[in-house]
Every structure is written in structure tokens, then in C-alpha cells.
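Q: I have a structure I would like to understand better, so I am pasting it below and will then ask my questions one at a time.
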Amino acid sequence: MTPKNISTAVVPQYSKNDFAEEVRAGLCRTGQKELPSKYLYDEVGSALFEVISVLPEYGLTRADERLLQRHAADIVTRLKSHVLVAELGSGSGKKTRWILEALARRQRTTYCPIELSPTALARCESELGQIDCVSIVGFERSYLDGLLAAAAGRREDDHVLVLFLGSTIGNFDRDAAERFLMEVRRILFPGDALLLGTDLEKPLDQMLDAYDDELGVTAAFNINILARINRELGADFNLAAFRHQVRYDSNFQRIEMHLRSLVDQSVTIPRSGCSVSFTADETIWTESSHKFRAGDIPALAKRCGFHCDSQWLDSQWPFAENLLIAE
Ligand code: AVI
């Protein structure tokens with residue numbers, strides 16, 4: 001079936017030059033080597049992340065979906081009428097269906113998925129394109145550029161509902177997360193809403209297992225960033241000479257994913273114009289996943305120009321859906 005009521009605004013995603021430059025900056029620096037986690041999500045990485053989201057050890061996505069399915073009607077009744085929905089990083093759009101269906105029962109709804117990946121955007125559009133009374137306008141842009149463009153399309157009596165689900169906010173450093181939420185707030189009007197999904201702190205073993213599953217899917221997801229550098233930048237990383245490593249830093253309440261070099265080695269990255277030396281046990285820090293406490297969210301919301309109207313908590317996997325209203 002061909003989806004209906006769909007249009008897409010396209011601008012180019014990260015250029016090869018940005019990637020080459022950020023890889024050089026992250027690996028040639030003194031001190032802890034790092035790679036930006038956004039580069040985990042090429043075609044292969046995004047497919048591996050889809051698998052992670054159904055692993056028994058990784059309850060985050062299921063908790064997010066359960067909360068949205070159970071509470072969509074309640075969430076929607078707390079919103080003003082006439083809502084334009086803008087979703088930051090829509091992924092496949094599967095979990096958004098509940099909210100859109102609940103809104104479409106009240107009124108015609110415009111849904112703007114915002115995604116850098118054209119493949120994810122196309123999947124989201126075909127997953128949600130058949131819901132009656134929902135028009136889709138996709139934006140192939142970064143979150144804030146896409147939100148700015150989507151919000152510019154609001155009609156006079158529209159309120160914007162921003163969806164930032166799946167605890168993607170946890171992949172930002174704490175300060176960057178607050179700055180980001182403030183930027184979102186700056187684009188919104190008073191009374192607009194942000195539904196923010198946050199994974200909560202839980203027992204240590206449960207958190208470590210969620211990022212170091214028995215099948216090794218998360219390990220493959222992590223090591224794929226080196227494979228991507230080989231594919232796209234002509235590098236000669238020996239993937240077998242690096243091992244996936246997961247740590248929890250309780251001071252920062254965050255899971256850290258690293259790639260640990262098993263031996264002393266050096267790697268050449270022609271398109272970044274550099275060679276990088278690793279000592280045995282040295283790591284590349286590839287991702288942080290911050291965990292939250294439900295009780296801390298109202299203060300976070302306040303600092304960023306929102307108030308926390310309501311929270312819904314999952315009973316099986318500590319996770320909170322937070323409805324924040326712009327002040
Ligand atoms: C996308 N994000 C919320 C995931 C997380 O849990 O931080 C990314 C992920 N990394 C490894 N597993 C899942």
C-alpha cells in the first residue's frame with residue numbers, strides 16, 4: 001500500500017568531511033580518545049540498534065512502548081486541542097502510533113518526524129502513513145533545524161507537541177542535555193508540550209547486562225563504528241584487536257561504552273590524514289547513556305523553562321515518560 005498524505009523536506013546529512021574531521025579530532029587528541037556516538041548509526045549500526053531494542057536484556061524500548069500504549073489517551077487529554085506533533089529522531093515510528101491514533105480520534109493531526117537517516121524516515125512514513133486523519137510532513141534534518149522548520153508550519157491555533165522518546169536525551173552529556181532542552185524551549189510557545197522519555201537508574205547488573213548482552217549484538221553495534229571508519233575513510237582497523245567494554249559511572253549516573261585495544265598497535269586513517277597509536281588496554285569512548293531519577297525531572301524541567309505536568313512510570317523496567325509544558 002502506498003502511504004498517503006506524506007511529504008519530505010530534504011537537506012543533506014553529515015558530510016564525509018565532517019566525519020573525517022571529527023574522527024581525526026577524537027582519536028588524535030591527548031588523553032581519552034573518543035568518537036561521537038552519532039556515528040554509531042550508519043545503515044548497519046541502525047539495523048543493529050533495532051535488534052538491541054528487542055533483546056531480553058534491553059528493556060528500555062519495551063518500557064517506552066508499554067507506557068505510550070497504556071497511557072496515550074491520558075497523555076492526549078492533558079494537551080490543548082489542535083496539536084502539531086514533531087518527533088525528534090522518530091526511528092521506525094512504531095511507538096508513536098499510539099499517540100497519533102489517540103490524537104486523531106479528537107481532530108486532524110499533522111505529524112512531523114525529524115530524522116537524519118532517509119531510510120529511517122521512509123520506514124516511519126510507511127509505518128504511520130495509513131492512520132486516518134494524520135498527515136505526515138517528514139524533515140530530513142538535525143533535531144533543532146527540523147523542529148524550527150516543523151514549528152514554523154504551525155497554524156494560528158496549533159500547539160506543538162514535541163516527542164523526544166526512547167531516552168535519547170540520555171546520550172547527551174548532562175550540560176549538553178540541559179542546553180538542548182533550553183534550545184527546544186526557545187523554539188516553543190508557552191503552553192506547548194514536550195513528552196520526554198527517560199531511562200531510570202536501576203540495579204547495576206541489570207544496567208551492565210543491558211549494554212553487554214549475551215549474544216554480542218551491542219558489542220557488534222559498538223565495533224561497527226571502527227568498521228565504518230574502515231569502509232568510509234579507508235582505515236585499517238583490525239576489528240579483532242578491539243573489545244567492547246561497558247562501565248557504569250555512579251557519580252555521573254551513566255553507562256559508558258568503550259572499545260578497548262587488546263594490544264599495542266597503530267592504525268592509519270587515510271581520509272582523516274592521520275595515524276593513531278594505541279597502547280594495550282587503552283580505550284576509545286564511543287557512547288554515554290545517562291540514567292535519571294524520576295524525582296529529579298521536575299527540577300530539570302524548571303531549569304529549562306518547562307514545568308513537569310505528569311509522569312508515567314513503568315512497573316517492569318524503571319523508565320519514565322514525562323510530560324513537560326513550556327512556561
Ligand atoms: C538510543 N539510545 C537511547 C540507546 C541507549 O540505551 O542509550 C543507545 C544504545 N546504545 C547501546 N545500546 C543502546
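The values are calculated or read from the model by the stated rules, or taken from the named source; none is laboratory data. None of these values were measured; they are calculated from a predicted model. Virtual Cβ from ideal backbone geometry, glycine too; neighbours counted across all protein chains shown. Remember, those area values only see protein heavy atoms, side chains included, never the ligands or the DNA or RNA. Shrake-Rupley method; radii C 1.70, N 1.55, O 1.52, S 1.80 Å.
Q: Based on the Kirkwood radius over alpha-carbon pairs, what is the Stokes-Einstein translational diffusion coefficient of region 19-95 at 10 °C with 1.306 mPa s viscosity, in µm²/s? Each step should come with its number before you reach the end.
A: Working: Rh = 16.0 Å.
Translational D for this selection: 99 µm²/s.
Q: How far apart, in nanometres, would the label points at residue 230 and residue 303 be if each is projected 7 angstrom from Cα along the Cα-to-Cβ direction?
A: Modelled inter-label distance: 4.1 nm.
Q: So what is the calculated 222 nm ellipticity per residue for the chain, using -39500 (n - 2.57) for each DSSP H run with n of 4 or more, over all residues, to the nearest 500 deg cm²/dmol?
A: Values: 10 runs with 114 residues, N = 327.
After summing the helix terms and dividing by residue count, I get -10500 deg cm²/dmol.
Q: Setting aside same-chain residues fewer than 8 positions from residue 202, which lysines have a Cα under 16 Å from its Cα?
A: Here the lysines satisfying the reach criterion relative to residue 202 are 291.
Q: So, one more: How large is the direction-averaged shadow of the alpha-carbon convex hull of the chain, in nm²?
A: Numbers: hull surface 65.7 nm².
So the mean shadow area of the Cα hull is 16.4 nm².
Q: Would you kindly derive the ³J(HN,Hα) couplings of region 76-90 from the backbone phi angles with the Karplus curve 6.51 cos²θ - 1.76 cosθ + 1.60 (θ = phi - 60°), listing them in order in whole Hz, with x for Gly and Pro?
A: With the stated coefficients, region 76-90 comes to 5, 5, 7, 9, 5, 6, 6, 10, 9, 9, 10, 10, 8, x, 6 Hz.
Q: Going highest first, how would you order 209-220, 60-71 by mean Cβ packing within 10 Å? It would help to have the intermediate numbers written out before the result.
A: Working: 209-220: 17.6, 60-71: 19.8.
Sorting 209-220, 60-71 by mean packing, highest first, produces 60-71, 209-220.
Q: May I pose another question? Size of region 280-324 along its principal axes in angstrom, Cα-based, largest extent first?
A: In descending order, the Cα extents are 50, 30, 13 Å.
Q: Could you state, as a whole-number percent, how many of the C-alpha pairs of region 1-153 are farther apart than 22 Å? All intermediate terms of the calculation are to be shown ahead of the outcome.
A: Working: 5701 of 11628 pairs.
The calculated P(r) of region 1-153 puts 49 percent of pairs beyond 22 Å.
Q: Then there is this: Accessible area per residue, 1.4 Å probe, Å², for the chain: what's the number? Mind dumping the intermediate values first?
A: Details: 14340 Å² over 327 residues.
Each residue of the chain exposes 44 Å² on average to a 1.4 Å probe.
Q: How about residue 94: which lysines have a C-alpha closer than 22 Å to its C-alpha, ignoring those fewer than 8 places off in the same chain?
A: By straight Cα distance, residue 94 reaches 4, 38.
Q: If you build a Gaussian network model of the chain, linking Cα atoms that sit under 10 Å apart, which residue out of 160, 276, 83 swings the most?
A: Of 160, 276, 83, the Gaussian network model singles out 276 as fluctuating most.
Q: Step through the residues of region 140-149 one at a time and calculate ³J(HN,Hα) from phi using the Karplus curve (6.51 cos²θ - 1.76 cosθ + 1.60, θ = phi - 60°), rounding each to whole Hz and writing x for Gly and Pro.
A: 8, 8, 5, 3, 6, 4, x, 5, 4, 5
Q: Using alpha carbons only, how many degrees (0 to 90, rounded to 10) separate the axis of helix 174-187 from the longest principal axis of the chain?
A: The helix 174-187 is inclined about 30 degrees to the chain.
Q: Sticking with this structure for a sec: On a C-alpha basis, how far is the centre of region 98-134 from the centre of region 262-305 in Å? Whole number, if you could?
A: A separation of 32 Å, based on Cα centres.
Q: Another one. Tell me, what ³J(HN,Hα) does each residue in region 150-165 have, in order and in whole Hz, if you take phi through Karplus 6.51 cos²θ - 1.76 cosθ + 1.60 with θ = phi - 60° and put x for Gly and Pro?
A: 5, 5, 5, x, 5, 7, 3, 9, 7, 10, 8, 10, 8, 9, 10, 9
Q: Can you tell me how much longer the chain between residue 78 and residue 179 gets when fully stretched, taken as 0.36 nm per residue apart minus their C-alpha distance, in nm with one decimal? Kindly include the intermediate steps, with their values, before the conclusion.
A: On the way: separation 101, 0.36 × 101 = 36.36 nm, distance 2.59 nm.
Working it through step by step, the gained length comes to 33.8 nm.
Q: How large a share of the accessible area of the chain, in percent, is made up of carbon and sulfur atoms when the probe is 1.4 Å and the other protein chains stay in place?
A: Details: 7340 of 14340 Å².
With neighbouring chains kept in place, the figure for the chain is 51 percent.
Q: Sequence-distant or interchain residues sharing an amide H contact under 5 Å with residue 197, placed H: which?
A: For residue 197, whose amide H was placed from the backbone, the distant partners under 5 Å are 164, 165, 166, 167, 322.
Q: Going 7 Å from the Cα of residue 208 in the Cα-to-Cβ direction, what parts of region 254-296 have a backbone nitrogen less than 20 Å from that spot?
A: Of the residues in region 254-296, 254-262, 281-292 have backbone N under 20 Å from the label point off residue 208.
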